[in-house]
Amino acid sequence: MAHQINLASHSFSGQSLSSEWPLLVESPSFWPCYSCCKNFWIPTTGTFGTDCLGVIGHIPLWISVLVVLLRYGLGPVWRFRPQWLRRLGSEEAEAASALGRAGDEEVAASARQRPWTAWTVSVLLLTILAAACGVAGALIWPRHRLQYMVPVIPNIISSLVLVMERPRVIPGAVFVIQAALIVAELAVAVSAPIATGSGWEGVVGWTGAIGLPLASLAIMVNMPMRDPLLDTTGIAKPFEKPTASARSPEDVITLWQWMTISWVAPLIAIGYKRQLHDEDVWFLAYEFQHSRLHRLFRDIPGTVLARLFQAAGLDLLLTTGLGVLETSIQLAEPILLKQLLKALSSETPDTRTALVYAGITLFLRLVMAQSGIFNLGYCRRGYEKTRGAMITMVYEKTLRRKAFTFPNTQTVPGTIEAAAPEEQEIPPSGGTSTATTLTDDESSSDTDGLLGQSKKPRERGSWLPDWVWQAVQMVKSLNVKVGPAADSPASTGKILNIMRNDVYEVSQRFWEFQYIFTKPMNLVLSVVLIWNILGPASLSGIIVLLVGMGINAFFMRLLLRIERVRRTVTDSKLQRISQFVESIRHLRWYDWQDSWLAQIMESRRAELTKRIMSNIISDLIKTVNSMTAYMVPVAGFMAYTLISNRPMTVDIAFPALELFTTLQNALRELPDLITVLLNARVAMQRIEKFMLEPEKEISLDDNRDAEQDLARPPGPLEIEIRDASFSWPASTKKVLRHVSMVCRPGLTVVCGKVGIGKTALLSAILGELDLLHGETIVPREMIGYCAQTPWLESMSIRENILFSSIYDKARFESVIDACCLRADFETFRSKDLTLIGENGVGLSGGQRARVSLARAIYSNSRILLLDDPIAALDHHTATSIMKNLFGDKRSSLTEGRLVIFVTHRVDIVKQYAYQVLEVTTGGRVTSFDREIVEPDGLEANLAAAAEQVEGEEEDTKPAEKFIEEEHRAHGGVLISVYWEYVKAAGLVWWVGLISAYVFFRAAKVGYFWFLKEWGEQYGSSPAAARSVSTYVLGFGGVVQDDLDATASQLAFGFSPRTLHGPAANASKSWTDLGSYLPPPDENVRPWLFWFFVVSLAQVVALSLADAALIVIVYRAGKTLFEQVVRRVSNATFRFYDVTPVGRLMNRMTSDMGTVDGAIAGQLVGVAWYVLGWITSVIVIASTTPVFLMLSVIMTTLFVVIFFRFLPTSQSLRRLETVSLSPLMSNFGTLVEGLTTVRAYHAEPHFQARIVATTDKFQKMDHMYWAMQMWLQFRFDLLSALTSFTLTVTAVLAGLSGGSVGFVLAAASNFVICTHMLCRRYGDMQMQFVSVERIIELLHLEQEPVGTVKPPAAWPGYGDAIVFDHVTLRYAPHLDPVLDDVSIKIPGGSNVAVTGRTGSGKSTLALSLLGTLHPDANTGGAIHIGAINLADVDKHVLRRNITFVAQDPVLFPGTLRDNLDPLGEHEEADRASVLDRVLHGHSFTLDSPVDSGGHNLSQGQRQLIGLGRAILRRSPVIIMDEATASIDAQTADEIQRLLREELRYSTVITIAHKAEAVRDADFEVVLEKGKVLRAGPRKVTSSAS
């Protein structure tokens, strides 16, 4: 009795006089007895121990003390925390600076000067009132003093904190204290409700302990999270109409708005009514803006991975903590379920205890729901910051890195080859993106040739069947180590792959970082809890687990090896697709697209093969996981029942099974986690390697730009090179040797033969080459650079000329006049504001050259490097430009500027130069005075002939806008899109997949039913007529009365429901397993056997489904990709004019990657959860009919919420995919014009552009995931309430413990399926946006192939070309370019086509290739011989006509591949043409050619294009400025060669250089789309 009195005197009092706790009210002490608290929680009754109530009441006190210690004790230290514990890019530092604070915390002195806010005063009054209520209650009712004193000290501490700090934002310390008070009081109230008192005592107790803290929390969650004194300009207010001009309201929302994600309501409202547009989406919040992120991330030292961890460290810490909390709650649920079932399975079911555990489960799920929102928010923040930082980092690296071309094949130091003398020619590791000669002596490296690849013959194993041989080779390929090509500098395709895939792979792991801890924790704790339930019997399951993990370890290593190879193959495929898209016009002009398609499909097959291998290994891993997961409970239950000889009751079976399910998920997810981590490791290595590539030497500040260059005082204007030798990056092959030269203000002319190194000299001045020895002195300032191949962007002509400079109207007008652009602008509706396409689509070659020249002249740079800008101009225009720029030495445009002018037309330029530099054989530079260089004479002799037509250039297609906006579908994805994907994979495989899932779902229901029956059959009487053999086999045929017969019937609706207890005279149903199997307490072996069979059936079903899914993914990816590339390759040429390369690349790479990925899994997931939902509803409704009404209500709520979410999320996902295209386009644009960008010091401008593009792309993704958070919170909340409602319904219905367990398992599946069905349907809609964009390409307008098959000898060498009243236009809505043209060109003639700009010369030439057809309503026609080109087979036409463009496209491979891509000619013929065309250039057919021919000069590329024409010897040959970049001597030799080789062909020449048309015997003169003259050419006497 003394002991009882002691317990009472030290217990948490506050009870009313009651027989339950008669001594608690006698306590005179305010301090509980901690040592008396022995049984903190009593599981069987669901209550706290009476000796521990006082201890629980003290928990808020200790939390208050701890919060104060942490805030004021560690607060000053926290300000000095490392970078990884700080939020990268947050407003904290700027806010502290603006408010004059030193850190995050505020001292009391500054707080006293701060005014009170209404929010703070309200919370302060509530805390004081709560403390007063507690003191008053303790004084008025002293017997309940401990109860009333619980909130006093925590509220006093809260009040002091508020008085000291006067917070303007939510006070975190006070919030934690008040939340702790509420939780503690609720715990006591639920566990010991009588302890709260009754009457006035209870009212005061509840008000002071729970009501007032709850009111305080309600006020605090509505306080701002950001200091209201900070500037809010440009930030959208919560619930205002969203606009792109305002920052996201995330910066000014309250805690409640953040917890519930209600701040996205305005966006949802708009998206629900109509399609969202870019202007409807808020700009990114402050800390997500990439200009700040990029700058801060760049300043963090260390490797990329270390910098990422420092940037996202705080987010990783928070997500890991929240993840551990959620995992702990998930693992607690089986324990709570065990106690709930145990309470219902006792002889006297304890409904109250069951409801207590149901309530605790609800509380934990609500906590987990809120934690999930916080977790997702922090995960998203870490993911977005790391991805954005890496995208801008890769882009900046591309701006800085050297331009590599070929794989590194340098000899390793220490080898014999490495000991070669200085002049030894060592094979280069890299070419460059600019031009110079590259011969076989310079490189023998293997390239990723895209043409002419030969397959290795099958030398051995010819006796094997083909499929066996292929399988053997597939396995062998896994052991092939990545060769030198893998160590080569990153190609354009690889950098695109890094930006698009590797960056995502790494940043996604930051999203999932918590899984590194939570998934192993799940595994370990699941095993521990299973041990707690099953005891040592669980060891058998653990052994099975370890065996499965050991098998998977082997498969993991194999998978990693496959993934490495697959990524390399994907790089190659991306490079090929990139080249294909960029070169599609040229490929179709030559009818080479089918050969390229074959090469692309070969790469695609290789990629899909590696992907299939990867998927097979992944599925083997999944199968082992499934087998392990299902065999672990089999082994555990076998040991528990056979070895331990203990009954498998329902309170053991169902919790153990739930834990086994958790273990199963952990086993399934752990290998996936390891796989993605290994993939991320590979991706991270690729990124790190790329970032370590050597950079171009830059001595200037990284943040410099043109304006800063102007602000700096100018130094001496002189370029000097002293005995310097240069090579292309990473190569020791010298392209320039012992160069010594000095250039001062004035014009310096650089000349030399084709491919001799003239462009290399300019590149050396720009710092693009490696300086091997010697010295280069170049002023560190912006240089106006005009590249040999004009580089223009997809923007207005004016913007291309300004190139981010300030618009000066007077200077601009002077420049366009000097560059003879005025007349061109007059032909455009929008003049200089006309928008042009990528690479100047819409402008002629001459116009592009002059716009590029105008950009250099307009710039404020003192140095101009002009690389043959007059090559594509006629004599008169070239002469006029030179006179305008250099005729007057006091011209404001060139006076005092240092100009280096590369040209072959020395005759025009040298009169204005003060010195001439000639690049000679061997890469040496010789300087001459201008008088020494004798004129060629050819230009002067033919000037009169050239001046017949002034301003000759190829035509343009005038329009205000050349690029169409990307189409964006509206609303949900159409059924037809799904059907197209389903058809692509094959209906048979889908039927097989669904059948496997139906089988699995049936087996799953049987699995739970079997456990329910097993657990409830203990104690049943044996059947009267069963043989021993029947027992052993597990079958029985006698129906008997049994305790659970009624439950069996109820579960499937065979008889009315009754409460648990014996069912007298009830007949057994066929679902009662006790009718077929012996009682398990007599013979458990049949139960174990059939449990094994049911488990194995699920494994088999899943394996079959996975196998079918592999085939579906393969067939769908293969079919759709092949259809898309074929449709794109046969689209109308207008499609290429209006579609940017980046947009097309985005669809053929990014969207196609989605199709290859989880897109099939999305469809399958929907089907999976539909089946699960149906079976769950049937099972539960048959057991508890009231559930039908509940299921309708709950499902309706799920659907309503989901369809409120879906339209907005679809719009955001579509906007995201559309905004990704400019990201790809900007990158491609940068790579093409990298030298120009760096010359103008425009890197900051382009970096700012990519930052803006990334902001636009990322804001769509950011808001999309905000929508996902909105949906998740509501779904999780509804799921928790649904599960609680179903549990309470089952408990109150009076079902047996086994039936309740079975119902709860089905109810859990119902909630999961309803929840996941909505989410998966939404995800499927989002993912199928990519399929939708792919399907759009399948409906491209196709070019008519032509129905007429001409004779084999067509066209004949003597066939005339007839234009009969031809009117041509590029699109129906555009004006005609050629109007009513009628010409007859004699067969075998040499035709010169001349005319002013826009006269239609190139249009006339391209019409002969069938790319344009005469207007149907005019009745015009074009004939070659007797064949109408509108009807002829286009493939035959283009194979028999050769078109040589001014800028021929070359492909990666060898010269053999480029001269004869289809391999149609003999090796001797190819070698002969190469020798005659490129004589003296040391080329062979095996000489490597880089992508686009960037390792060759422009002149060499043109010579290769002419070589193609000579090799083909077509009856009709069209040359469009084909010799513009060739020096006079070489051009003369080429003209002689053309006369010899093509003397029988009809040669149509469009040229501006007089020597190119001097042999013409027929002339066509065009003007404004009409024929001015057509007939035999009148040759001047001078020309003759």
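Taken over segment 495-507, residues that are open to solvent by less than 30 Å² (accessible area, probe 1.4 Å) and either over 14 Å from the mean Cα position of the chain (by Cα) or modelled with pLDDT of 85 or more (or both) amount to 5. Apart from one condition, residue 1146 fits all of (1) open to solvent by 30 Å² or more (accessible area, probe 1.4 Å); (2) within 30 Å of residue 1247 (Cα to Cα); the exception is (1).
Look through 721, 777 and report the one residue that is open to solvent by 10 Å² or more (accessible area, probe 1.4 Å) and modelled with pLDDT of 90 or more.
Numbers: 721 fails: open to solvent by 10 Å² or more (accessible area, probe 1.4 Å).
Among 721, 777, only 777 is open to solvent by 10 Å² or more (accessible area, probe 1.4 Å) and modelled with pLDDT of 90 or more.
Taken over segment 1315-1365, the residue count meeting the criterion of being buried (at least 19 other Cβ atoms within 10 Å of the Cβ) and touching a strand residue (DSSP E or B) at 6+ places or on another chain (Cβ under 8 Å) is 5. Quick check: is even one residue across segment 1409-1432 open to solvent by 10 Å² or more (accessible area, probe 1.4 Å), of a type in the set (Asp, Glu) and modelled with pLDDT under 85? Yes, there is a match, as at least one residue in segment 1409-1432 is open to solvent by 10 Å² or more (accessible area, probe 1.4 Å), of a type in the set (Asp, Glu) and modelled with pLDDT under 85.
Which count do you get for residues in segment 293-329 that are open to solvent by 20 Å² or more (accessible area, probe 1.4 Å) and either more than 12 Å from residue 88 (Cβ to Cβ) or among the β-branched types (Val, Ile, Thr) (or both)? Don't jump to the end; show me each part of the working.
Going through segment 293-329, the residues open to solvent by 20 Å² or more (accessible area, probe 1.4 Å) turn out to be 295-296, 298-299, 301-303, 305-307, 309-310, 314, 317-318, 320-322, 324-326, 328.
When the remaining residues are screened for being either more than 12 Å from residue 88 (Cβ to Cβ) or among the β-branched types (Val, Ile, Thr) (or both), the result is 301-303, 305-306, 317-318, 320-322, 324-326, 328.
The number of residues fulfilling the criteria is 14.
The set of residues in segment 1469-1519 being assigned to a helix (DSSP H, G or I), of a type outside the set (A, V, I, L, M) and under 40 Å from the mean Cα position of the chain (by Cα) consists of 1491, 1492, 1493, 1498, 1499, 1500, 1501, 1502, 1505. Look at segment 743-771: where a residue is more than 16 Å from residue 922 (Cβ to Cβ) and a partner is aromatic (Phe, Trp, Tyr) and surrounded by fewer than 24 Cβ atoms within 10 Å (Cβ to Cβ), sitting 6+ places away or on another chain with Cβ atoms under 6 Å, you get 746/914; 747/886; 747/912.
Restricted to segment 1222-1241, and to residues there that are at pLDDT below 90 and either open to solvent by less than 10 Å² (accessible area, probe 1.4 Å) or of a type in the set (D, E, K, R) (or both), the residue that is nearest to residue 763 (Cα to Cα) is 1233.
The rows are residues; the columns are (1) in contact with a helix residue (DSSP H, G or I) (Cβ under 9 Å, 6 or more places away or on another chain); (2) under 30 Å from residue 672 (Cβ atoms); (3) part of a loop (DSSP other than H, G, I, E, B).
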position	(1), (2), (3)
1127	yes, no, no
1154	yes, yes, no
1161	yes, yes, no
1172	yes, yes, no
1192	no, no, no
1206	yes, yes, no
1216	yes, yes, no
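Residues of segment 1236-1254 include at least one that is more than 17 Å from residue 294 (Cβ to Cβ), of a type in the set (Ser, Thr, Tyr) and in contact with a strand residue (DSSP E or B) (Cβ under 6 Å, 6 or more places away or on another chain).
Among the residues of segment 632-646, the ones that are of a type outside the set (S, T, N, Q) and open to solvent by less than 30 Å² (accessible area, probe 1.4 Å) come to 8 in all. In segment 850-860 there is no residue matching the filter, namely being within 39 Å of the chain's Cα centre (by Cα), surrounded by fewer than 24 Cβ atoms within 10 Å (Cβ to Cβ) and basic (Lys, Arg).
Conditions (1) surrounded by 21 or more Cβ atoms within 10 Å (Cβ to Cβ); (2) among the hydrophobic types (A, V, I, L, M, F, W, C); (3) assigned to a helix (DSSP H, G or I), marked per residue:
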position	(1), (2), (3)
516	no, yes, yes
521	no, yes, yes
564	no, no, yes
573	yes, no, yes
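Table: residues versus (1) part of a helix (DSSP H, G or I); (2) open to solvent by 10 Å² or more (accessible area, probe 1.4 Å); (3) on the phi < 0 side of the Ramachandran plot.
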residue	(1), (2), (3)
121	yes, yes, yes
129	yes, yes, yes
139	yes, yes, yes
143	yes, yes, yes
153	yes, yes, yes
156	yes, yes, yes
162	yes, no, yes
170	no, yes, yes
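Conditions (1) within 23 Å of residue 557 (Cα to Cα); (2) among the polar types (S, T, N, Q); (3) outside any helix (DSSP H, G or I), marked per residue:
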| site | (1), (2), (3) |
| --- | --- |
| 630 | no, no, no |
| 647 | no, no, yes |
| 659 | no, no, no |
| 673 | yes, no, no |
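Only one of the listed residues (746, 715) is at pLDDT 80 or above and either open to solvent by less than 40 Å² (accessible area, probe 1.4 Å) or more than 26 Å from residue 869 (Cα to Cα) (or both). That residue is 746. Out of curiosity, is residue 649 at pLDDT below 85, in contact with a Gly (Cβ under 9 Å, 6 or more places away or on another chain), open to solvent by 10 Å² or more (accessible area, probe 1.4 Å) and not hydrophobic (A, V, I, L, M, F, W, C)? Criteria met by residue 649.
Which of the residues spanning segment 810-848 are under 37 Å from the mean Cα position of the chain (by Cα), open to solvent by less than 10 Å² (accessible area, probe 1.4 Å) and within 16 Å of residue 787 (Cβ to Cβ)? Result: 840, 845.
Scanning segment 357-407 for residues that are open to solvent by 10 Å² or more (accessible area, probe 1.4 Å) and out of contact with any helix residue (DSSP H, G or I) (no Cβ under 7 Å at 6 or more places or on another chain) yields 363, 400, 401, 402, 404, 405. Look at (1) modelled with pLDDT of 90 or more; (2) in contact with a Ser or Thr (Cβ under 9 Å, 6 or more places away or on another chain); (3) over 29 Å from residue 183 (Cα atoms) and you find that residue 393 fails only one, number (2).
Has segment 1222-1229 got at least one residue that is of a type outside the set (A, V, I, L, M, F, W, C) and under 30 Å from residue 1287 (Cα atoms)? No, that holds for no residue.
The helices (runs of 4 or more DSSP H) found entirely in segment 174-292 that carry 1 or more residues being modelled with pLDDT of 90 or more, aliphatic (A, V, I, L, M) and open to solvent by 10 Å² or more (accessible area, probe 1.4 Å) are 212-220, 255-260, 265-273.
So is residue 551 part of a helix (DSSP H, G or I) and at pLDDT below 85 or not? Spelling it out, it is not the case that residue 551 is part of a helix (DSSP H, G or I) and at pLDDT below 85.
Total residues in segment 1162-1221 satisfying the condition of being open to solvent by less than 10 Å² (accessible area, probe 1.4 Å), over 29 Å from the mean Cα position of the chain (by Cα) and aromatic (Phe, Trp, Tyr): the figure is 2.
The values are calculated or read from the model by the stated rules, or taken from the named source; none is laboratory data. Computed from a predicted structure; not experimentally measured. Counting neighbours? That spans all protein chains shown, and the Cβs are built from the backbone with ideal geometry, glycine included. Accessible surface areas use protein heavy atoms only, side chains included; no ligands, DNA or RNA. Shrake-Rupley method; radii C 1.70, N 1.55, O 1.52, S 1.80 Å.
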